[in-house]
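*Asks:* So that we are looking at the same thing, I have put the structure below in C-alpha cells.
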Amino acid sequence: MAETHLTAGRDVIVPQFLGRRDFLDQLAEVAERTQATFIETALWLDRETALAAFAQRGAMPSDQTHHDAVSLVDRAEHADPVGRMYDAFVELVETRPATRRVDVIRGEIDLTFARFVEALDIRAC
C-alpha cells in the first residue's frame, strides 16, 4: 500500500514505535524503489522520563491502547519490560545514524509537534 501511495506522489507516515530493524529496512527499500525521500524520526525522551511517562499513563489509561499496553507489561516475563523496550529502542536508533531525534517536551504537544515537523524538513536530507 505504501508503494502505491508513493508512486502516486503522495507521502506516507508510519506513526508507530518501530523497534523492528527488518521493517525499517523494508520501508527504506520501498522509498528507494519509488524514488521517495525516506526520513526516520524518533520521539526522544531520556530513560527516566520515558519510564515515568509510561507508568503515569498506565496508572490512568485514557484509551484502549493504554489498557492493552498495561496488560502486556503485566504479563511480561521480565522484571523491567518497559525498561528493556526503551533500551532496545535506543540501541536500534544508535545503529541508524540518519534517524532524526525529536526531543519531546512532556505536556507540550504543540511544541513537540513543531519539532517533529521541523525534523521532516526535506532540505536536511
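*Asks:* Do we find a residue being closer than 21 Å to Ile39 by Cβ, open to solvent by 90 Å² or more (accessible area, probe 1.4 Å) and at pLDDT 90 or above anywhere in the stretch 101-109?
*Replies:* Among the residues of the stretch 101-109, at least one is closer than 21 Å to Ile39 by Cβ, open to solvent by 90 Å² or more (accessible area, probe 1.4 Å) and at pLDDT 90 or above, which makes the answer yes.
*Asks:* Within the stretch 66-100, how many residues are over 16 Å from the mean Cα position of the chain (by Cα), among the small types (Gly, Ala, Ser) and modelled with pLDDT of 90 or more?
*Replies:* So the answer is 0.
*Asks:* Looking at (1) closer than 29 Å to Asp11 by Cβ; (2) of a type outside the set (D, E, K, R); (3) out of contact with any helix residue (DSSP H, G or I) (no Cβ under 6 Å at 6 or more places or on another chain); (4) not in a loop (DSSP other than H, G, I, E, B), find the lone condition where Ser62 falls short.
*Replies:* (4)
*Asks:* Would you mention how many residues in the stretch 28-50 are open to solvent by less than 40 Å² (accessible area, probe 1.4 Å), assigned to a helix (DSSP H, G or I) and within 18 Å of Arg101 (Cα to Cα)?
*Replies:* 2
*Asks:* Output the residues belonging to the stretch 1-24 that are open to solvent by 60 Å² or more (accessible area, probe 1.4 Å), within 21 Å of Pro97 (Cβ to Cβ) and assigned to a helix (DSSP H, G or I).
*Replies:* Arg21, Asp22
The values are calculated or read from the model by the stated rules, or taken from the named source; none is laboratory data. Nothing here was measured: the structure is a model prediction, and the numbers come from that model. Heads up, the Cβs are rebuilt from the backbone with ideal geometry, glycines too, and the neighbour counts pull from every protein chain shown. Accessible surface is based on the protein model in full, side chains and every heavy atom, while ligands, DNA and RNA are left aside. Shrake-Rupley method; radii C 1.70, N 1.55, O 1.52, S 1.80 Å.
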